[in-house]
Amino acid sequence: MKTIPTLPPLRTLALVLTLTTAALHAQVPQIINYQARVAVGNPAVNFDGSGAFKFALVNGDGTQTYWSNDGTSIAGSQPTAAVMLPVVKGLYSVLLGDTSLTNMAAVPASAFGNDDVRLRVWFNDGTNGSQLLTPDQRIAAVGYAMVAGGLAPGVTIPASQIASPPPGMVLIPAGAFTMGRTSGDTDADQIPVSTTTSAYYMDIHEVTLSHWQSVYYWAIANGYSLNAGSGKGPNYPVHTVNWYDVVKWCNARSEKAGRMPVYYTDDAQTTVYKTGNVDVTNVQVKWTANGYRLPTEAEWEKAARGGQAGVRFPWGDTITQNLANYYGNTGTYAYDLGPDGHNAVGIVGGNNPASCPVGTFAANGYGLYDMAGNGCEWTWDWLGIPYLGGTDPKGPNVGSYRVFRGGDWADAATLSRCSYRSYDIPTRIGNRIGLRAVMSTSQP
């Protein structure tokens, strides 16, 4: 992608546009979660530092403005005020319409009542002045939701499943998918099986250190016992939490939010799980509660695939470090296009851990970030071989190892495959494993 030729050399790379439903009004998302990479110079070099960005939603030929970040754009013109954003190794992200940001106006629902809506972006690196980045990015509208580069081709969410997701979560639609390895892979514990899941909500991002600690301090003050967790920074994935910790944390998150806890220590589901290392059984889980819980292994893989079928990764059959934070090993895996070693984005600030801020890379077809790499994520299931398949499988009732999924910053690309199964004893603690939560949509 390039800029208008008359401007100094500057271009955007790997633009990604997705929509995150923070609140639905007339079934239209009001927050646009925009992520991109920007480079400057000739040859282009990824920009680092604080950049001034301006945004507008325009029509197909750019002659009409539907919205701009400060409300001053007319007929596709450049807005007056800019939004200052940090850029790390060329990567930046912003919630368009988030009025908590300086010079950011709310996005009106009326902007999406037009047939052809495109996002226009200007960037100022502090040296070359404010420049228009091209081309404008098309936003496609559908009758029940707004999607731009979001759902994979052929994937739809029926209107009957659309509700207002809790903040920071997205809807994963009900339906069948093939769980397990793809063509060319031979893992014996990943034999493909037809699996169906009910609809559920899932955290858009891995749980961050700041999110974990905000719940942790509430939990400790309210009768819970669990680890404080660690992380590279507030917006990095939490780690150093075992399976018992994350289950108790989900209960605390539920109670803190005024929701019904999911995990109990008795079959009658009367004693909320708060302390100790308890191997909660399937019958001790209130699956339809409106609280937070770990995804089942099937739910995790369904979400990771993002509506794609028959591919290794959420986006296709090969992987590069422009798509995920993992340890490159091109000599071993033909589908790893590298480069080798730690991802440059991950080693900013140190390589142990070499994690990166959540949301650094593009979202998958359901609008979920980091479903491949960065940090592994605990799931509910005890390890069972083969998969159970069928409808809403929950894994064995007993076992020795709990499953975690997704790969991480220190492991090779093979662990970042959608089907790959990692597992360990539930007391396992390390700087590679964290979590993301889900919530049932079938609530009493």
Enumerate the whole-percent occupancy of each 10 Å bin, from 0 to the last occupied one, for all C-alpha pair distances of region 192-347.
10, 30, 31, 22, 7, 0
Calculate the spin-label point distance for Ala188 paired with Val398, positioning each point 7 Å from the Cα along the beta-carbon direction, and give it in nanometres.
2.4
HN-Hα couplings for region 75-90 via Karplus (6.51, -1.76, 1.60; θ = phi - 60°), in whole Hz with x for Gly/Pro, come out as 6, x, 6, 5, x, 7, 9, 10, 9, 7, 9, x, 10, 10, 6, x
Report the label-to-label distance for Thr178 and Thr288 in nanometres (one decimal), using points 7 Å from each Cα along the Cα→Cβ vector.
3.4
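Given R₀ = 45 Å, FRET efficiency for Met84-Ser442 by Cβ-Cβ distance, to 0.05?
Using R0 = 45 Å, I get an efficiency of 0.55.
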Pairing the Cα long axis of helix 209-220 with the longest principal axis of the chain, what angle in degrees results, from 0 to 90 and rounded to the nearest 10?
40
Largest first and to the nearest Å, give the Cα extent of the chain along each principal axis.
68, 50, 42
Counting other beta carbons within 10 Å of each residue's own, what order do Val45, Val311 fall into, fewest first?
Val45, Val311
Relative contact order for the chain: what percent, with Cα pairs under 8 Å and sequence separation of 6 or more?
15
Output the 0 to 90 degree angle, nearest 10, between the alpha-carbon long axis of helix 243-256 and the longest principal axis computed from the alpha carbons of the chain.
70
Summing -39500 (n - 2.57) over every DSSP H run of at least 4 in the chain, dividing by its residue total and rounding to the nearest 500, the 222 nm mean residue ellipticity is -2500 deg cm²/dmol
Comparing Ser416, Ser225, Ser110, which has the greatest mean-square fluctuation in the GNM of the chain with Cα pairs linked when under 10 Å apart?
Ser110
Likely footprinting exposure, Trp300, Trp67, Trp287, fewest C-beta neighbours within 10 Å first
Trp287, Trp67, Trp300
Considering every pair of different Cα atoms, what Kirkwood radius, in Å, is found for region 256-365?
17.3
Under 27 Å between alpha carbons, and skipping anything fewer than 8 positions from Lys54 in its own chain: which lysines qualify?
Lys2, Lys89
Using Cα positions and a limit of under 30 Å, work out the lysines in reach of Lys394, with same-chain residues fewer than 8 apart set aside.
Lys248, Lys256, Lys274, Lys286, Lys302
Check Tyr273: other-chain or 5+ apart residues with amide H under 5 Å from its amide H, H built from backbone geometry?
Tyr263, Tyr264, Thr265
Cβ crowding within 10 Å averaged over residues, with 418-428, 246-256, 207-217, 175-185 ranked highest first
246-256, 207-217, 418-428, 175-185
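All of the numbers you see were taken from the coordinates with simple rules; none came from a lab. As the structure is a prediction and not an experimental result, all values here were calculated from the model. All Cβ positions, even for glycine, are placed from backbone atoms using ideal geometry, and neighbour counts span all protein chains on display.
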